[in-house]
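Worksheet for the structure shown next.
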Amino acid sequence: MPGTDLKAERRDLYAPKRDTFVEVVVPVMTYLAVEGHGDPNASEEYRHAVEALFVASYAAKFVSKNELGKDYVVLPLEGLWWAADMSAFAARNKASWSWRMLIRQPDWLDADLLMQAVQTAQRKGAAAAGLLHRHPLDEGRCVQTLHIGSYDDEGPILARLHDDYLPDRGLRPAGLHHEIYLSDVRRTEPAKLRTILRQPVAAVDGALTHDEGSGRGPTYGRRGAPRSMARTALRRAGAGSGSPWSARRTMRSPVMP
């Protein structure tokens, strides 16, 4: 009998409607994670990172089942993406991208049990297993949607999010661009790939407390700022009019696992 499906327990977080933006509050979640830099299509570092994450995550599943009597479905691969110069996304300069790849782990697996899983991945020869670490992620208030199609076709929906949806509601980005890969890229044709696009947000007049490299969430200020204020704040944050997201027809997604 299959184990617990943690995605099904939080359908609000894992089953958004296609091309429709919805606000959610994401609780603190525990991940195994590994960071890297460079073109995900050409980088051995990226391939090794993803391989190590899956080897360790399946090891964690068996640790949970054998030692705690709790079985579950291994959760999907996720990615946080950024660049020192955000124009690198619009220019498709993949060599400039930085990433943190993650797989969520159940709350009942403590640090010691996760370390057992990482050590199993090391014994199995996963090249990047030594770089894996436990990573609590606190995103808080987010806007998300479901994209169906190639990763290269995410540009227009991301432009709508950053140039229209957020300014219209007095919101701004307050964290890293987050993608959750619901489909197995090895077995799914590009037109049918299902990807959750998630963006942590805060009110435009709230203090931006997110540290881009830490994965910590935002604090919130007063809501309902006027559209002109929103656009000004978004431009200062590197999004909105004139941002990489504005190239609606020509920009492609920064993610191609």
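Computed values, structure above
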quantity: Filtered residue count, region 177-204, keeping only those that are among the aliphatic types (A, V, I, L, M), outside any loop (DSSP other than H, G, I, E, B) and closer than 23 Å to TRP82 by Cβ; calculated: 6
quantity: Test for LEU182: is it modelled with pLDDT of 95 or more and over 15 Å from the mean Cα position of the chain (by Cα); calculated: no
quantity: Region 114-143: number of residues that are surrounded by fewer than 19 Cβ atoms within 10 Å (Cβ to Cβ) and over 26 Å from THR20 (Cα atoms); calculated: 14
quantity: Region 94-128, residues that are farther than 22 Å from GLY79 by Cα and β-branched (Val, Ile, Thr); calculated: THR120
quantity: Residues of region 132-150 satisfying the condition of being in a loop (DSSP other than H, G, I, E, B) and either closer than 25 Å to ALA60 by Cβ or touching a strand residue (DSSP E or B) at 6+ places or on another chain (Cβ under 6 Å) (or both); calculated: LEU132, ASP138, GLU139
quantity: Residue match in region 161-168 (condition: crowded, with 20+ Cβ neighbours inside 10 Å, in a helix (DSSP H, G or I) and of a type in the set (D, E, K, R)); calculated: yes
quantity: Residue within region 70-81 that is surrounded by 14 or more Cβ atoms within 10 Å (Cβ to Cβ), of a type in the set (Gly, Ala, Ser), over 23 Å from ALA174 (Cβ atoms) and touching a residue at least 60 places away in the same chain (Cβ under 8 Å) present; calculated: no
quantity: Selection count where residues are more than 15 Å from HIS178 (Cβ to Cβ), in contact with a Lys or Arg (Cβ under 9 Å, 6 or more places away or on another chain) and surrounded by fewer than 18 Cβ atoms within 10 Å (Cβ to Cβ), scope region 8-32; calculated: 3
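The values are calculated or read from the model by the stated rules, or taken from the named source; none is laboratory data. It should be emphasised that the depicted structure is a prediction, and the values quoted were computed from it without experimental measurement. Note that we place each Cβ from the backbone using ideal geometry, even for glycine, and neighbour counts take in every protein chain shown.
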